[in-house]
Amino acid sequence: VCYNHSYTFYVIDSVTMTPCYAAAEAPVEEAFTVLCNASFNPGTGKMTFTSKRSIPEGYTIVGHGIIITDNEAYKDSLDLNTEGKKTARATTTGLLGTYKATLSCKTSATWYGRAYVTYADSEGTQATVYSDIVPCNVTVR
């Protein structure tokens with residue numbers, strides 16, 4: 001999740017953290033990490049999708065955010081090209097960071113969210129990486 005000496009994160013639910021260390025002399029190949037979690041607060045009637053990104057040095061963030069839909073047809077294939085989706089776009093450009101998208105819910109439904117990061121390499125070639133798609137079950141009373 002992170003290659004820095006210190007790491008800060010939001011705890012959204014019960015979490016077990018297990019550190020994984022490499023030997024000091026072992027080369028570490030940094031990877032793109034994009035994660036997404038979902039929660040619903042029945043007291044406020046709001047759902048929140050929270051994304052976490054860690055992009056290796058040498059890349060530039062072009063854009064990032066969270067794609068959201070309540071259309072079950074896209075629960076396995078949600079991406080930036082999905083029709084009828086909501087997109088919460090972040091404005092920050094740091095390689096490491098967290099972003100939250102919060103929506104008010106008026107009716108019970110299952111929503112689906114997916115974090116994304118579009119980046120450019122040193123030659124300007126762009127690509128997009130996605131988190132897994134996560135559901136958020138909303139029950140409004």
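What to note about this one:
- Here segment 22-93 and segment 107-121 have alpha carbon centers that stand 6 Å from each other.
- Where the chain is the region considered: accessible area per residue in Å², 1.4 Å probe: 65 Å²
- The alpha carbon gyration tensor of segment 51-136 gives principal lengths a ≥ b ≥ c with a/c of 1.5 or higher and a/b greater than b/c, which makes the shape prolate.
- Relative contact order of segment 50-141: 37 percent, from C-alpha pairs under 8 Å at least 6 residues apart in sequence.
- Carbon and sulfur %, accessible surface of the chain computed with the full protein complex present, 1.4 Å: 46 percent
The values are calculated or read from the model by the stated rules, or taken from the named source; none is laboratory data. Everything quoted here is computed from the prediction, not taken from an experiment. Surface areas here come from the heavy atoms of the whole protein model, side chains and all, with no ligands, DNA or RNA. Shrake-Rupley method; radii C 1.70, N 1.55, O 1.52, S 1.80 Å.
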